[in-house]
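Below is one structure; the comments refer to it alone.
The values are calculated or read from the model by the stated rules, or taken from the named source; none is laboratory data. All of these numbers come straight from a predicted model, not from anything done at the bench. Note that each Cβ is placed from the backbone with ideal geometry, even for glycine, and that neighbours are counted across all protein chains shown. Side chains are part of the model used for accessible areas, which takes the heavy atoms of the whole protein and leaves out ligands, DNA and RNA. Shrake-Rupley method; radii C 1.70, N 1.55, O 1.52, S 1.80 Å.
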Amino acid sequence: IVGLGNPGARYEKTRHNIGWMALDAFAKKAGVDVTKSGFQGIYGEHKYWSDKVILLKPLTFMNLSGQSVGPAAHFYKIDPADILVVYDDMDLPTGKLRVRESGSPGGHNGMKSLVQVLGTQEFPRLRIGVNRPAPGWQVVDWVLAPFSTDEQPQVVGAIEEAVKAMETWLAEGTRTTMNKFNRG
């Protein structure tokens, strides 16, 4: 499971880092330390039944996420179809989740990097809504800004739901996760 985001305190609570926030919440619940350095990121290993699960946070900055994910997938011999990518999506309202089996990266540069490095769009993703920029905001400024106080309840709820979605994905696969979490 890969959470997309940007390293550094400056980006910690920004919209672009909701993938990291969700992965951190999942790791905390599962009791996994995501502190090992490698693959141009930090990662942790989790035992889920008899499977080894890798939780990865690329430290390459969003636009170069593939440079972390590609080497990790190669090292662990993970097929792209077995990689769940958790990231922000401006096309969804703040707090809304959407799970997909595959698809184009749209305008998301982190996903473009993953598609380029993995050589396919055929990998599952968990998108977490961060809404479109408010009037007067540039896209880059919007995704690199923190959530507003009014958005906090939706963000907390989305992260809780994302953790449940990651658990469901591990236990039951992408289709079941889509059926349970793609509401409305």
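Please list 136-142, 32-38 highest first by mean number of surrounding beta-carbon atoms within 10 Å per residue.
Answer by packing, highest mean first, reads 32-38, 136-142.
Charges only on Cβ, +1 for Lys and Arg, -1 for Asp and Glu: so what's the dipole of the chain about the Cα centre, in debye to the nearest 20? It would help to have the intermediate numbers written out before the result.
Numbers: 21 positive and 19 negative charges, 11 e Å.
Its charge dipole is roughly 60 debye.
With a point put 7 Å past each Cα toward its Cβ, work out how far Val139 is from Asp33 in nm, to one decimal.
4.0
First select every other residue whose beta carbon is under 9 angstrom from the beta carbon of Leu4; then total the charges, Lys and Arg +1, Asp and Glu -1. Before the final figure, lay out each step's value.
Working: positive: Lys57; negative: Asp88.
For residues surrounding Leu4, the net value is 0.
Apply the a/c threshold of 1.5 to the C-alpha gyration tensor of the stretch 48-99 and tell me whether it is rounded, prolate or oblate. Please report the intermediate quantities before stating the final value.
On the way: a/c = 2.56, a/b = 1.41, b/c = 1.82.
Taking the square roots of the gyration eigenvalues as a ≥ b ≥ c, the stretch 48-99 is oblate.
Helix-only mean residue ellipticity at 222 nm, the chain, DSSP H runs n ≥ 4 weighted -39,500 (n - 2.57), per residue, nearest 500. What is it? Walk me through the numbers before you get to the answer.
Values: 5 runs with 69 residues, N = 184.
Calculated at 222 nm, the ellipticity per residue is -12000 deg cm²/dmol.
Taking a cut-off of 18 Å between Cα atoms, list the aspartates and glutamates near Lys164, but don't count ones fewer than 8 places away on the same chain.
Reachable aspartates and glutamates: Asp24, Asp82, Asp88, Glu101, Glu172.
Order of 147-157, 83-93, 165-175 by packing, highest average Cβ count within 10 Å first? Let's see the in-between values first.
Details: 147-157: 14.0, 83-93: 21.3, 165-175: 17.4.
Ranking the peptides 147-157, 83-93, 165-175 by packing returns 83-93, 165-175, 147-157.
If you take every DSSP beta bridge fully contained in the chain, what fraction is antiparallel? Give it as a percent rounded to 5. Provide the component values of the computation, followed by the final result.
Working: 16 of 24 bridges.
Antiparallel bridges: around 65 percent, rounded to the nearest 5.
Taking 22 Å as the cut-off for C-alpha to C-alpha distance, list the pairs among Lys57/Lys180; Lys13/Lys77; Lys13/Lys57 that go past it. Show your work: numbers first, answer last.
Values: Lys57/Lys180 25 Å; Lys13/Lys77 32 Å; Lys13/Lys57 15 Å.
In this structure, Lys57/Lys180; Lys13/Lys77 lie more than 22 Å apart at Cα.
Which residues in the stretch 99-124 place their backbone N less than 18 Å from a point set 7 Å from the Cα of Asn179 along the Cα-to-Cβ direction?
Of the residues in the stretch 99-124, 99-102 have backbone N under 18 Å from the label point off Asn179.
Using Rg/Rh (Cα atoms, Kirkwood Rh) as the read-out, say which of [x] 1.01; [y] 0.93; [z] 0.99 was calculated from these coordinates.
So the calculated entry is the one marked [y].
Let me spell out the model: positive unit charges on the Cβ of Lys and Arg, negative unit charges on the Cβ of Asp and Glu, origin at the Cα centre of the stretch 1-103. What dipole size does that give, in debye rounded to 20? Let's see the in-between values first.
Numbers: 13 positive and 11 negative charges, 49 e Å.
Here the size comes out at about 240 debye.
Going by a ≥ b ≥ c, the root eigenvalues of the Cα gyration tensor, does the stretch 100-184 fall in the rounded group (a/c under 1.5), the prolate group (a/b larger than b/c) or the oblate group?
Values: a/c = 2.54, a/b = 1.21, b/c = 2.09.
Verdict is oblate for the stretch 100-184.
Accessible area per residue of the chain at 1.4 Å probe, in Å²?
Numbers: 9120 Å² over 184 residues.
Heavy-atom SASA per residue in the chain reads 50 Å².
What whole number of Å gives the distance from the Cα centroid of the stretch 89-156 to the Cα centroid of the stretch 1-74?
16
In whole percent, and with a 1.4 Å probe on the protein chains, what portion of the accessible area of the chain is carbon and sulfur?
On the way: 4720 of 9120 Å².
Reported share for carbon and sulfur atoms: 52 percent.
For the pair Ser148/Leu64, report the inter-label distance in nm, with labels modelled 7 Å from Cα in the Cβ direction.
3.4
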